[in-house]
1. In 5 Å bins starting at 0, how do the alpha-carbon pair distances of the chain split up by percent?
2. Counting only trypsin sites (Lys or Arg not before Pro) that sit in a DSSP loop (anything but H, G, I, E, B) with at most 11 other Cβ atoms within 10 Å, what is the longest stretch of the chain containing none of them?
3. Quick one: order TYR90, TYR118 by neighbouring beta-carbon count within 10 Å, fewest to most.
4. Report the full-extension gain for the segment PHE129 to ASN146: residue separation times 0.36 nm, less the Cα-Cα distance, to one decimal in nm.
5. Would you list which aspartates and glutamates come within 12 Å of LYS84, measuring only between C-alpha atoms, while excluding same-chain residues fewer than 8 positions from it?
6. Would you mind calculating the gained length between GLU162 and ILE23 on full extension (0.36 nm times residue separation, minus the Cα-Cα distance), in nm to one decimal?
7. So, in nm, how far is label ILE8 from label SER155 when the simple model puts each one 7 Å beyond its Cα toward the Cβ?
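Throughout, read-outs are computed from the coordinates displayed, never taken from laboratory work. Predicted model only: the values in this text are computed from it and were never measured. Reconstructed Cβ throughout: ideal geometry from the backbone, glycine too, with neighbour counts over all protein chains shown.
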Amino acid sequence: MKKGFSLIEIIVSVAIISILSSIGVQVFTSSVQRARFESDVATVAQALRKAQNAALSPPISEIFGTGAKAKLCSVGVRIDSSNKSIQPIYTSDSSTSTCNTQGNYSSSTILTYVNIAYTNDTVNFNLPFADSSGTTITLTSIYNTNIIKTITVTSAGLIKVE
């Protein structure tokens with residue numbers, strides 16, 4: 001009676017293990033890429049929600065740096081498709097009745113794992129009810145162009161991620 005494994009049995013076992021491990025590595029890599037993409041989508045949605053919350057409960061104008069006499073008109077997010085960045089902004093009227101003075105109230109965030117398709121440059125939430133003009137932002141994964149998420153901001157200010 002012979003004890004141990006033959007060379008063919010060992011080779012077959014090693015081949016099966018290598019095939020299964022290569023499949024596991026591919027699944028792990030794609031799940032990491034998907035998680036990075038989802039993280040950037042969540043960052044954009046979070047920036048929009050923070051701007052909306054700031055519009056719903058406007059702070060003292062000095063916090064935004066608009067000055068004591070300036071009227072805060074809207075709070076929003078500037079979206080730069082070419083640099084793939086988002087920048088929280090506000091608009092105010094400094095001395096006139098039009099709301100055309102823009103300023104940044106926080107640092108910008110660079111998105112590294114998405115491509116942004118957006119026609120305008122800002123999403124604004126008007127004070128005091130945080131209503132918006134309504135818009136759709138399309139985010140596509142840089143790894144797989146079939147992975148797409150859309151963030152829709154309705155005119156009533158509802159933010160939907162689909």
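1. Whole-percent P(r) values from 0 Å outward: 2, 9, 15, 16, 13, 10, 7, 5, 4, 4, 3, 3, 3, 2, 2, 1, 1, 0, 0, 0, 0.
2. Value returned for the longest uninterrupted segment is 70-162.
3. The most exposed by this proxy come first: TYR118, TYR90.
4. 2.5 nm
5. Partners within reach: ASP40, ASP121.
6. Extending this stretch completely gives an extra 47.1 nm.
7. It is 7.6 nm.
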